[in-house]
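Q: Below you'll find the structure I mean.
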Amino acid sequence: LDPHAITVPTLLINGEHDPYAPADKNSSFFRKIGNKDKTWVVISDSGHNAHIEDSALRLVNDVVNFVRRYK
């Protein structure tokens, strides 16, 4: 996936302890996203499966808040 090719508003979410998407790799990817309208959320005390962990509500809230910015 070429981050420079992303030209739409972008929300990047990952868990703090995600072994598949470590912060150092996400940082580099996030900086290169081709749209200035971008948000990166790191969910504390969560791993790769934030959507089914105790942090699921936080993930949903972050997505809803991102989408509502355009209301």
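The values are calculated or read from the model by the stated rules, or taken from the named source; none is laboratory data. What you see is a predicted model; the values in this text were computed from it and never measured. All Cβ positions, glycine included, derive from the backbone under ideal geometry; neighbour counts span all protein chains shown. When the accessible area is computed, the model is the full protein with side chains, heavy atoms only, and any ligands, DNA or RNA have been set aside. Shrake-Rupley method; radii C 1.70, N 1.55, O 1.52, S 1.80 Å.
Q: Can you name every residue in region 47-71 that is open to solvent by less than 40 Å² (accessible area, probe 1.4 Å), in a helix (DSSP H, G or I) and out of contact with any helix residue (DSSP H, G or I) (no Cβ under 8 Å at 6 or more places or on another chain)?
A: Asp62, Phe66
Q: Checking the structure you have, find out if any residue of region 20-29 is surrounded by 12 or more Cβ atoms within 10 Å (Cβ to Cβ), touching a Pro at 6+ places or on another chain (Cβ under 6 Å) and not in a loop (DSSP other than H, G, I, E, B).
A: Within region 20-29, one or more residues are surrounded by 12 or more Cβ atoms within 10 Å (Cβ to Cβ), touching a Pro at 6+ places or on another chain (Cβ under 6 Å) and not in a loop (DSSP other than H, G, I, E, B).
Q: When region 52-71 is examined, which residues are found to be closer than 15 Å to Leu11 by Cα and not β-branched (Val, Ile, Thr)? Talk me through it step by step, then tell me what you get.
A: Of the residues in region 52-71, the ones closer than 15 Å to Leu11 by Cα are 58-70.
Hits for region 52-71 are Arg58, Leu59, Asn61, Asp62, Asn65, Phe66, Arg68, Arg69, Tyr70.
Q: Related question: What pairs come up if the first residue lies in region 14-35 and is farther than 22 Å from Ser55 by Cα, the second is open to solvent by 40 Å² or more (accessible area, probe 1.4 Å) and assigned to a loop (DSSP other than H, G, I, E, B), and their beta carbons are under 6 Å apart, counting only those six or more places apart or on different chains?
A: Gly34/Thr7; Asn35/Thr7
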